[in-house]
Structure formats: structure tokens, C-alpha cells
Amino acid sequence: MPRLAGKVVGQSSFYGAVVTLVVFAAFPFYWMLITTFKTDGDLYNLKSIPYWFNAPPTLEHLKYLFEDTLFVQWLSNSALIGLCVVAITLLVALPAGYGLARMPGRSGENLSIGIFLTYLVPPTLLFLPLARVVTLLGLQDSMWALVVVYPTFTIPFCTWLLMGFFKSVPREIEEAAIIDGCTVVGAFVKTVLPLSVPGILTVVIFAFTLTVQEFVYALTFISSSSEKPVTLGVATDLIRGDIFYWGELMGAALISSVPVAIAYNLFLDRFISGITGGAVK
Amino acid sequence: MSAIAEAGAPRRTARSRFTAFDRLEVLGPLFIIPAILYVVVLVGLPFLLALYYSVSAYSIFNPSWTFVGLKNFREVIDSEIFRRTLANTLIFTISAQIIGLLLGKIGAMLLMQEFPGRRLARALIVLPWAVPVSLATLAWVWMFDSLYSVINWTLLAAGLIDPAHRPQWLGQEDLAMIAVATVHAWRLFPFGVVIFLAGFTSVPQDVLDAATIDGAGFWRRNYQIILPIIAPIIMIALIFGTVFTFTDLSVVYLLTKGGPINSTQVLGTLAFQVGILSGDVAHGAAICLFLFPFLLVAVILLLRSLRRREI
């Protein structure tokens with residue numbers, strides 16, 4: 001009998017710990033969800049229980065968000081910036097990752113660590129000089145400034161990941177293609193790239209989400225509402241002085257977070273093996 | 001490369017279609033150059049520019065490149081706000097790392113067990129790391145609201161606080177630091193969970209089985225076998241987390257903007273205020289560059305653990 005009791009205690013404390021951690025991690029998202037659909041009267045009622053609806057849910061906040069703010073514009077800005085950055089990143093990181101993966105000896109590894117280290121140079125150190133560079137390029141207060149700057153962190157990161165993925169493709173496959181009459185570039189495009197599609201897809205997702213998440217450069221370079229990406233627009237334009245449009249704010253945060261969160265979860269396993277597996281081995 | 005040469009040698013007739021671009025010695029560097037150029041032009045040169053800003057008198061109102069030596073650094077160190085900021089940054093970074101690491105390890109140990117709903121639990125735990133930080137932080141601003149705070153409501157309902165003295169989470173000097181560090185740890189610990197999970201799964205099962213047969217219990221296995229094996233990975237994660245926290249400004253900017261009375265001011269937010277909002281680029285750069293020696297140490301540590309890793 002004491003054995004059974006011990007098991008029950010062990011089980012319940014295990015689940016207790018899981019539930020506590022899940023609540024700590026996810027409660028803010030529940031809070032976004034419930035705030036989005038609550039009427040203002042319900043939100044600002046000190047007497048009622050805040051965890052649930054005390055008045056019927058409303059679509060008022062979402063309606064305001066889509067009709068009376070630039071939310072849709074910010075979303076499409078973010079999508080456009082993300083797509084352009086992903087394109088630039090692939091164009092540069094695909095050949096670089098391949099070149100590094102196939103470099104003989106330790107030189108490829110050393111060079112790749114060198115490139116990867118630039119990922120550690122933080123925006124905080126670079127936003128002042130980059131603001132100057134952006135002005136020189138005539139891109140101040142334009143979302144194109146972000147398209148130019150964001151590859152500085154996506155390229156090192158993606159080159160590193162891609163190098164790991166390319167290394168796992170056996171060399172013999174390209175060599176066979178070359179013997180069959182392909183050029184080296186042809187062999188890369190026809191054999192290595194198709195075999196690396198899952199890896200490339202992972203890199204695309206991560207470059208895109210990194211770009212959508214960025215905040216510091218956007219905050220530094222952009223002040224016109226119509227040029228803002230969604231993270232900046234929501235965080236700055238839906239707060240007017242002391243007035244926070246909480247229903248709209250939380251709705252916007254929720255809508256922009258959900259796709260990113262789903263993409264992350266789908267590719268998480270591959271991402272873990274990419275960052276801890278291939279590259280330095 | 002030699003394999004290609006050997007394979008190509010007997011087939012003399014095929015030689016003609018190979019050009020210089022088909023030699024890996026030529027092509028390899030050609031493939032890598034664009035990446036290096038991008039990094040040099042948009043990371044390397046701006047970094048040098050930052051160095052020069054910090055020893056000049058440059059401001060957006062008076063763009064003078066006059067060399068002033070270490071004057072900016074002296075003025076920055078002499079400022080009381082800066083010294084407070086430096087201390088805040090250390091407290092913020094260290095406490096967020098400790099909470100993040102502990103929760104990361106606990107979370108990974110829980111998620112290693114098989115239980116119904118494990119995938120859902122993992123997805124929910126990873127959420128704070130997956131979503132854009134600025135948007136996730138806004139939810140915390142609302143949860144900490146001075147009047148309608150759900151945290152205060154819960155504490156009141158549980159009888160833990162006195163209705164006359166509701167804590168102003170973002171408005172009191174002592175509480176504001178706790179609030180920003182908690183939110184940052186909240187954002188970071190899922191990354192720790194993921195890294196610990198990756199580490200745990202890479203520990204060979206036969207090593208664990210052998211230890212169990214030899215009589216090693218749960219704690220011994222944990223601290224004398226698993227931890228030493230996964231130490232390099234944890235080190236890399238820790239360096240990343242520390243650099244990320246030390247240099248980040250988004251959580252603090254969105255929660256408190258460095259207030260009240262600079263009690264949560266960190267290097268990032270101070271540099272932003274001085275360099276961008278006030279336009280005093282030279283002093284802003286000097287503040288940013290205080291990060292640099294620290295980053296250098298982080299890079300050296302990182303290189304060492306990269307070399308040492310075996311899993």
C-alpha cells in the first residue's frame with residue numbers, strides 16, 4: 001500500500017510540474033486570446049473574474065484592427081520583407097554552405113566558424129553605424145532598409161545550417177554525376193540541391209521567422225507607420241500616449257504570432273539536429 | 001577533389017568541356033566570396049565605423065569627425081546613469097540566465113519522459129521562444145497593468161497581497177527589475193529546454209545502462225554521466241543566451257523603456273536613447289562598445305567549447 005501511495009504522489013507531482021511549466025510558458029498567449037474577444041466593459045471591470053468571459057465575446061476589436069488601423073499593411077510589409085530577405089539569403093548562403101562543406105581539411109570548418117561568429121555581433125553594436133549606411137543608401141525610413149540589413153544575421157546562421165545539411169549528402173553522388181558528364185555546378189544543382197530540399201526548407205522557415213521577429217533595427221530605422229513591419233507597427237502605433245488599445249493589441253499580437261509558432265513547431269526537430277549535429281562534426 | 005581528378009584523367013576526350021570554373025579550388029572560393037563580402041560590408045565595416053564614432057565628436061546635429069580620443073569613454077564612465085545601467089545589465093543578464101537554465105533543465109527532464117500529451121506540452125512550452133518577442137512582451141505589459149493586472153487580481157484573490165498596496169510591477173524601482181528579468185527568462189527558457197533535450201537524446205543509452213548496472217542512481221547518472229557529456233552543448237547555449245540577453249533591448253524597451261528612474265536601464269536601451277533619440281552618436285557608440293570586451297570573451301569561450309564538443 002505505501003508503494004501505491006508513493007507512486008500516486010510521484011505521478012501527481014510529475015504532472016503538477018508539467019502543468020506549472022506549461023502554464024508559465026503559455027499563459028500570456030491565453031491572455032492574448034481572451035483579451036481579443038472581450039468587450040471593453042468586461043476588460044475594465046475590476047469586480048469580475050478576469051480568466052473568463054463575463055459578458056458575451058465580441059469581434060469589435062478585430063473589426064477595428066482590420067478596418068481602422070494599418071494592421072493589414074504591416075502584415076504585408078513583414079511578408080514582403082521576409083520573402084526578399086529569404087531570397088537574398090538563399091542566393092548567398094546556398095553556394096557558401098556548399099563551398100564550405102566541400103572544402104578540404106580544416107579550412108572549411110575554420111572559415112565557417114568565422115562566418116558563424118558574426119552572428120554573435122549584436123544589433124545593439126551595429127544600429128548606430130548601420131543607421132548611417134542606410135542614410136547613405138537613401139533608404140532611411142523605408143522598409144527596404146530592413147531588406148538590406150536583415151541578411152547580416154540570416155546569412156551567417158543559414159550558411160552554418162546549410163553546411164551541416166550539405167555535409168550529410170555523400171560526395172560519391174556528385175562525383176558519379178560529374179563522371180556522367182555534369183559540370184561541378186551542374187552536379188550541385190542536379191544532385192545535391194534536390195537531396196537537400198528538407199534542409200533548405202528548414203533554412204527558409206528559420207530565415208523567414210528570424211526576419212519577422214526582429215525588432216531593434218526596425219525600431220531604429222523606421223518611423224513612418226506605413227513602412228513598419230508588423231512587430232514594430234503593433235508595438236508602437238496601437239499605443240497612443242497613455243492609451244493602450246488592449247483588445248486590438250492582443251488580437252494583432254495573436255494573429256501575427258500563430259503562423260510563426262506553427263512553422264517553428266513543424267520544423268523544430270530538424271532544426272535541433274541541424275544546429276547540434278552536422279556542422280562541426 | 002583528388003577523386004575527381006583521377007576519375008577525369010583516363011577520359012581524355014571529355015577534358016575539353018571542363019573549364020576553370022569546374023575546378024573546386026576555383027569554384028569553392030567563388031561560392032563563398034559573396035557571403036564573406038556581405039558580412040564584411042554590412043558587419044565588419046559598420047563595426048569599424050562604430051569604433052571611430054566612439055572616439056569622435058560625431059552627433060547628428062554636428063556631424064564632425066574630429067578625433068577626441070577616449071574623451072567619450074571617460075564621460076560615459078563618469079556618468080552615474082551609465083554606472084547604474086552597467087550594474088542593471090549584469091543583474092538582468094545573470095538572473096535571467098539562472099532562471100532560464102534551471103527551468104530549461106527541469107523542462108527537458110520532464111519532456112524526456114513518455115506521457116500522454118507530451119507533444120502538446122512541448123509545443124506550448126516552446127511558444128515563448130517561437131513567437132516575435134515584441135508581440136509576446138506586449139501580453140506581459142497588459143498582465144502587469146497598474147490597475148487591471150491579472151497577476152495582482154490573482155494575488156488578491158489568494159489573499160497574498162493587501163488591496164491597499166497593490167504592487168505596481170512596472171512602476172516601482174525594485175519590482176520593475178524583477179518583472180523585466182522574469183519576462184526575459186520566460187522568453188529564453190524554452191531555448192534552454194530545446195538545447196537540453198537535444199543534449200539528453202545524444203547521450204548513448206548503453207553508457208547509461210552500464211552505469212545503472214554498476215549501481216549509479218538517478219542523481220549520480222544525472223550529475224556524473226549526463227551533465228559532463230552534454231556540457232559543451234550547454235556551454236554553447238549559455239554563451240548564446242548571455243550574449244543575447246546582454247545586448248538585447250526589446251524586452252526592456254517595451255516593458256519599461258528603462259524606467260522608472262533608470263532602474264531597469266540596460267546598455268541597449270541607454271545606447272538607443274543617447275545615440276538615436278538624442279542624436280549623440282559618439283556617446284551612444286561609446287556605450288555600445290562597452291559590450292565589446294565582453295563579446296570577445298564570449299567568442300573565445302565559444303570557440304573553445306566548439307572545439308571540445310564530441311556529441
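The values are calculated or read from the model by the stated rules, or taken from the named source; none is laboratory data. Every value quoted in this text rests on a predicted model; they were computed, and no experiment measured them. Positions of Cβ are generated from backbone atoms using ideal geometry, with glycine treated the same way; all protein chains shown enter the neighbour counts. Just so you know, the surface numbers come from the protein's heavy atoms only, side chains and all, with ligands and any DNA or RNA stripped out. Shrake-Rupley method; radii C 1.70, N 1.55, O 1.52, S 1.80 Å.
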## Note on the structure
Honestly segment B:150-260 on the Cα gyration tensor test (a ≥ b ≥ c root eigenvalues; a/c under 1.5 rounded, otherwise a/b vs b/c for prolate or oblate) is just oblate
## Note on the structure
Using alpha carbon centers only, segment A:109-177 is separated from segment B:195-228 by a whole-angstrom value of 37
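Given a 1.4 Å probe and every protein chain left where it sits, what share in percent of the accessible area of segment A:61-277 is carbon and sulfur? Each step should come with its number before you reach the end.
Values: 5120 of 7600 Å².
Result for segment A:61-277: 67 percent of the exposed heavy-atom area is carbon or sulfur.
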#### Entry: Spatial separation of Cα centroids for segment B:56-118 and segment A:1-75, in angstrom
30
#### Entry: Cα gyration tensor shape of the protein assembly as shown, rounded if a/c is under 1.5, else prolate or oblate by comparing a/b with b/c
oblate
### Task
Keeping the other protein chains in place, figure out the carbon and sulfur percent of the accessible area of segment B:168-311, with a 1.4 Å probe.
65
### Task
Can you pull the one-decimal nm distance between simple spin-label points at B:Asp214 and B:Ile94, each 7 Å off the Cα toward Cβ?
3.6
### Query
Per residue of A:98-108, what is the mean number of Cβ atoms on other protein chains within 10 angstrom of that residue's Cβ?
4
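Report the rotationally averaged projected area of segment A:61-277 based on its alpha-carbon convex hull, in square nanometres.
On the way: hull surface 56.4 nm².
Seen from a random direction, the Cα hull of segment A:61-277 projects 14.1 nm² on average.
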#### Entry: Helix-only CD estimate at 222 nm, as mean residue ellipticity for chain B, using -39500 (n - 2.57) per DSSP H run (n ≥ 4)
-21000 deg cm²/dmol
### Fraction of the pair-distance distribution of segment A:1-57 above 13 Å, Cα-Cα pairs, percent
69
### Task
Obtain the nm distance between the two label points defined at B:Ile261 and A:Arg240 by a simple spin-label model: each point lies 7 Å from its Cα along the Cα-to-C-beta direction.
3.3
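Per residue, what accessible area does segment A:1-57 have, given a 1.4 Å probe and all protein chains present, in Å²?
61
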### Task
Using Cα positions and a limit of under 27 Å, work out the lysines in reach of A:Lys167, with same-chain residues fewer than 8 apart set aside.
A:Lys190, A:Lys281
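For B:102-115, what's the mean count of beta carbons from other chains sitting within 10 Å of each residue's beta carbon?
Numbers: counts 0, 3, 0, 0, 4, 6, 0, 1, 7, 2, 0, 2, 0, 4.
Per-residue shielding by partner chains comes out at 2.
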### Summary
To the nearest 0.05, the calculated FRET efficiency linking B:Ser278 and B:Glu25 through their beta-carbon distance, R0 being 51 Å, is 0.45
### Summary
Pseudo-spin-label distance A:Tyr64 to B:Ala164, built 7 Å along Cα→Cβ, given in nm, is 3.6
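Using a Förster distance of 51 Å, how high is the FRET efficiency between A:Trp144 and A:Ile179, based on the Cβ-Cβ distance and rounded to 0.05? Walk me through the numbers before you get to the answer.
Details: r = 45 Å, r/R0 = 0.89.
Efficiency computed from Cβ-Cβ geometry: 0.65.
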### Summary
Taking a straight Cα-to-Cα line shorter than 22 Å from A:Lys38, and setting aside same-chain lysines fewer than 8 residues away, one finds A:Lys47, A:Lys63
### Summary
When A and B pair up, the total accessible heavy-atom area removed from solvent (1.4 Å probe), in Å² to nearest 100, is 8900
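Per residue of B:258-269, how many C-beta atoms from partner chains lie within 10 Å of its own C-beta, taken as a mean? Write out the running numbers ahead of the final one.
Working: counts 0, 0, 0, 0, 0, 0, 0, 0, 1, 3, 6, 1.
Partner Cβ neighbours, averaged per residue: 1.
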### Query
Given A:Thr231, A:Leu137, A:Ile115, which one lies farthest toward the positive end of the charge dipole of chain A, if we put +1 on the Cβ of every Lys and Arg and -1 on the Cβ of every Asp and Glu?
A:Ile115
### Task
At 1.4 Å probe size, with no ligands or nucleic acids counted, give the accessible surface of A:Leu4 in Å², nearest ten.
100
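For chain A, what is the charge dipole size about the Cα centre, in debye to the nearest 20, if Lys and Arg each add +1 at the Cβ and Asp and Glu each add -1 at the Cβ?
Values: 15 positive and 17 negative charges, 186 e Å.
Magnitude of the dipole: close to 900 debye.
What number, rounded to the nearest 500 deg cm²/dmol, is the helix-based mean residue ellipticity at 222 nm of chain A, given -39500 (n - 2.57) per DSSP H run of at least four residues and division by all its residues?
On the way: 14 runs with 200 residues, N = 281.
Theoretical 222 nm ellipticity from helices: -23000 deg cm²/dmol.
Size of the dipole of the protein assembly as shown about the Cα centre, Lys and Arg at +1 and Asp and Glu at -1 on the beta carbon, nothing else charged, in debye to 20?
Details: 37 positive and 34 negative charges, 307 e Å.
So the magnitude is around 1480 debye.
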### Summary
Per residue, accessible area of chain B with a 1.4 Å probe, heavy atoms of protein chains only, in Å², comes to 47
